[in-house]
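What follows is one structure encoded as structure tokens, with my remarks underneath.
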Amino acid sequence: MSGMHDDGLHDDGLHDDGLHDEVFDEGGWDDEEFDAGLLEEELRQAAAVLDPVPPELQQIAVDAYALHDLQARVAELTFDSLVDSLPVRGAGDTPRMLTFRAGEVTVDVEVTAHGLMGQVLPPQPARVEVLGGPRPGSSLAADDLGRFTAAAPPPGPFALRLRTGADVVVTEWLRA
């Protein structure tokens, strides 16, 4: 009959959970036997075979990084009608109003089921790109008063990139 010792081991060298003591012997590993870099590489190879990254997801990641613009200033969302305004009773298809600010530049945007329109303040001509993840952004032109429109609303998460002279401003990403 197997007896229990004070250290939690049975006579046969097993713990109460049935595992051998050698498994827990941390002193038994030396740096020559255990190479963390080799283990990491083997785990990466196993993951690539057993659970590969879908090509679509990999392309989305590459495209998202390509949208990264080091010279761009990020325009902070300062107003969102979904959060900051009181609901109106009986109002159905109300537009979503957004205001972004980056320094002296403000961008007011209205998103409806029929499209998107906005204005850059102070009024100035600008090139506006509606970014939508992996899809190429649609390019819009803001007139001398800073107004721009798009015939269709963004189909999913979107951000705006504005180029005004030497300035590049990118808004936060939102879902329409």
Counting other Cβ atoms within 10 Å, keep those with at most 16, restrict to DSSP loop, and tell me which chymotrypsin sites (Phe, Trp or Tyr not before Pro) in the stretch 96-176 are left.
-> Trp173
Rounded to the nearest 10 Å², the accessible area of Met117 using a 1.4 Å probe with every protein chain kept is 100
Accessible surface, 1.4 Å probe, highest first, among residues Leu38, Leu174, Leu116, Leu121 = Leu38, Leu121, Leu174, Leu116
Go through Asp144, Asp108 and list them by solvent-accessible area, largest first, probe radius 1.4 Å.
-> Asp144, Asp108
Candidate residues Arg73, Arg161, Arg175: accessible-area rank, largest first, probe 1.4 Å = Arg175, Arg73, Arg161
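The values are calculated or read from the model by the stated rules, or taken from the named source; none is laboratory data. Small disclaimer: the values here were computed from a predicted structure and weren't measured. When we count neighbours, we look across all protein chains shown, and the Cβ atoms used for this are built from the backbone with ideal geometry, even at glycine. Only protein heavy atoms, including side chains, enter the accessible area calculation; ligands, DNA and RNA are left aside. Shrake-Rupley method; radii C 1.70, N 1.55, O 1.52, S 1.80 Å.
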